[in-house]
Each structure stands twice: as C-alpha cells, then as structure tokens.
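The values are calculated or read from the model by the stated rules, or taken from the named source; none is laboratory data. Owing to the predicted nature of the structure, the values given are computational and were not obtained by experimental measurement. Positions of Cβ are backbone-derived with ideal geometry, glycine not excepted, and every protein chain shown enters the neighbour counts.
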Amino acid sequence: MRDTRDALHHRFGDYFAEADIPAEAAQAWRLLANRGVCRRFKPEPVPAAMVDTLCALALSSPTKSDLQQRDILIVEDRSKRDRIHELLPDQDWLPATPNFVIFLGNNRRHRQIHEWRGKPFINDHLDAFFNTAVDAAIAMTAFVHAANAAGIGCCPVSTIRNHAQDVSDLFGMPDHVYPVAGLGFGFPSGETYISARLPLAASVHRDRFDDSNIETHVDGYDRRRDGIFPYRRQRDIERFGTADFYGWSEDKARQYSNPERQDFGAFVRRKGFNLT
C-alpha cells in the first residue's frame with residue numbers, strides 16, 4: 001500500500017499538496033487514497049455478524065434532514081442470487097462473489113409517517129426521489145470505506161438499474177422503494193489497483209465553476225491513464241472502427257452511445273414518484 005501523498009499523486013497526477021496529515025487520520029486517509037475496486041474474492045463469505053455491523057456503520061452516515069430514506073437489502077437466498085446473475089450476464093465476476101447487498105432508496109417510510117401523523121405530504125415532486133437516491137449513495141460509500149478498513153474488497157453494481165422492475169419484483173419492493181445499486185463484496189483473492197482519476201484541476205473549483213481548459217485536461221488524463229493501465233479492448237469496433245489511440249474519453253463516448261435504462265424514468269413513475 002502506498003503512502004497517502006504518493007497514492008493521491010498516482011491517482012490524480014497533479015496532487016502536490018504538502019498539508020500535514022493528522023496522526024489520528026493517517027490510517028483512514030491512507031485507506032481512502034489507496035482504495036481500489038475488487039472483483040476477485042476468496043470463496044469464504046464475510047460472516048453475517050460482520051455484514052450486519054457494516055450495515056450499521058453505513059447507516060451511520062449523513063442523511064438529508066435526518067429523513068433516513070435509504071435501506072440495505074442483504075441477498076442470501078441462492079435462487080435470488082442466481083436470478084440476479086441471469087439478469088446481469090455481462091458481470092461475469094459476480095457469481096463467484098461471496099456476498100451481495102442492494103442499496104435502496106426508500107421514500108415509502110417518510111410518506112407513512114405523514115399518514116400516521118395526519119400531515120399532508122406537500123413535497124411530492126422530483127426532490128422526494130432525488131433525496132432518496134443521494135441518501136442511498138452516501139450509505140453505500142460509507143459501507144465501502146468501512147469494508148475496506150476491515151480488509152474487505154467491494155465493487156458497486158449500477159447495472160442492476162438496467163433491470164429495475166425485475167429486481168423490484170424479485171424482492172417485493174413496494175411503491176416508493178427502488179434499487180439504487182448493488183454491491184458485491186468479500187475478502188480479496190489478490191491485490192487491487194489504484195485507478196487513475198481526472199486531474200484535480202478538472203474537477204475541483206474555487207469560487208466559480210470553470211471548465212475553460214477541460215479538453216486539455218481530459219486529453220492529458222487520457223494519455224496519463226493509458227500509460228498506467230491501458231484498455232485491453234475497444235468497444236463497438238463494428239460501429240466506430242479501431243481508434244489509433246483509445247483513451248478514457250473515447251471509451252466513455254462509445255459506452256454511452258448505446259441506449260441504456262431508457263425505461264428507468266417510467267419505472268420510477270410507476271413506483272409513485274412525481275418527477276416534476
């Protein structure tokens with residue numbers, strides 16, 4: 001594991017901060033700086049008691065206005081795991097993953113409280129959905145960091161939203177409850193790696209938003225990332241041909257040139273959310 005400064009410089013390229021690292025934060029910062037995705041695991045599952053503790057730590061994270069509109073669904077039933085694998089055949093690492101949870105947005109409980117207390121639910125608009133999604137994402141982030149601190153590797157699975165209705169039906173999710181992302185986790189069977197990120201100059205702003213040099217920053221990032229961990233294959237060669245240089249921006253442009261989750265808005269509306 002790299003030290004914090006070295007890891008951040010490796011990840012961002014333009015990190016040269018000389019801020020002192022507080023002694024009490026040293027280990028936590030080092031873990032965050034070195035965080036890497038994990039898709040290869042030892043076969044033994046994380047013990048149930050530890051999973052429960054990770055859930056408790058995750059739900060200790062911030063939540064909008066103390067509304068607590070996020071839940072965690074632990075998937076232990078083998079038949080339901082198998083169904084998830086059928087829905088996500090492109091996630092070929094997932095069947096060998098010993099543990100799997102789904103982070104949920106839950107606006108149902110808040111609406112129930114209004115009903116119980118005889119108060120009108122006035123704020124029935126896009127923000128009701130948005131708050132739940134943000135809450136769930138915050139909780140998942142906290143879960144990942146708590147897991148990493150215990151030597152547990154994680155990989156989020158956003159593609160679960162490609163089949164949001166199927167997943168919702170499989171787990172009996174009522175109106176105003178929906179899947180935000182899955183998370184596969186377990187004890188790593190090998191080393192993870194530090195993925196390069198856009199330079200801080202591209203994504204950290206002071207006093208006003210400024211992307212006047214964004215194309216230069218992205219091009220530089222493409223080249224730097226290619227020198228660290230080049231893509232092993234190019235997407236959609238049949239449609240777009242073979243690029244002389246294939247970097248992050250070319251890969252993302254190709255990835256999102258294909259339709260994806262076009263029914264998600266309709267699914268969310270069927271769940272009872274008003275998105276106006």
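Observations
- Test result for Pro62, in contact with an Asp or Glu (Cβ under 7 Å, 6 or more places away or on another chain), more than 24 Å from Phe264 (Cα to Cα) and in the same structural domain as Ser168 (by TED's automatic domain parsing): no
- Meets criteria (assigned to a helix (DSSP H, G or I), of a type in the set (Asp, Glu) and either in contact (Cβ under 8 Å) with a residue 60 or more places away in the chain or out of contact with any Phe, Trp or Tyr (no Cβ under 6 Å at 6 or more places or on another chain) (or both)) for Asp52: yes
- The single condition from (1) aliphatic (A, V, I, L, M); (2) closer than 21 Å to Leu8 by Cβ; (3) touching a residue at least 40 places away in the same chain (Cβ under 8 Å); (4) assigned to a helix (DSSP H, G or I) that Ala164 fails is (2).
- In segment 27-70, the residues that are over 19 Å from the mean Cα position of the chain (by Cα), among the aliphatic types (A, V, I, L, M) and closer than 23 Å to Ala133 by Cα: Leu67
- Failed criterion for Phe185 (all others in (1) more than 20 Å from Asn106 (Cβ to Cβ); (2) not in a strand (DSSP E or B) hold): (2)
- If you go through segment 34-70 and keep only what is aliphatic (A, V, I, L, M) and farther than 16 Å from Phe143 by Cα, you end up with just Leu67.
- Residue satisfying condition, being in a loop (DSSP other than H, G, I, E, B), touching a residue at least 12 places away in the same chain (Cβ under 8 Å) and crowded, with 18+ Cβ neighbours inside 10 Å, within set Cys154, Cys38: Cys38
- Selection from segment 239-276 of residues that are free of Cβ contacts under 8 Å to residues at least 40 places away in the same chain, part of a loop (DSSP other than H, G, I, E, B) and surrounded by 15 or more Cβ atoms within 10 Å (Cβ to Cβ): Tyr246, Gly247
- Pro174 being surrounded by fewer than 17 Cβ atoms within 10 Å (Cβ to Cβ) and not aliphatic (A, V, I, L, M): yes
- Any hit, segment 208-217, residues being among the polar types (S, T, N, Q) and assigned to a helix (DSSP H, G or I): yes
- Matching residues, segment 236-253, being out of contact with any Lys or Arg (no Cβ under 7 Å at 6 or more places or on another chain) and more than 16 Å from Ile214 (Cβ to Cβ): Ile237, Glu238, Arg239, Gly241, Thr242, Ala243, Asp244, Phe245, Tyr246
- Some residue of segment 192-202 being among the polar types (S, T, N, Q), crowded, with 17+ Cβ neighbours inside 10 Å and either outside any helix (DSSP H, G or I) or within 18 Å of the chain's Cα centre (by Cα) (or both): yes
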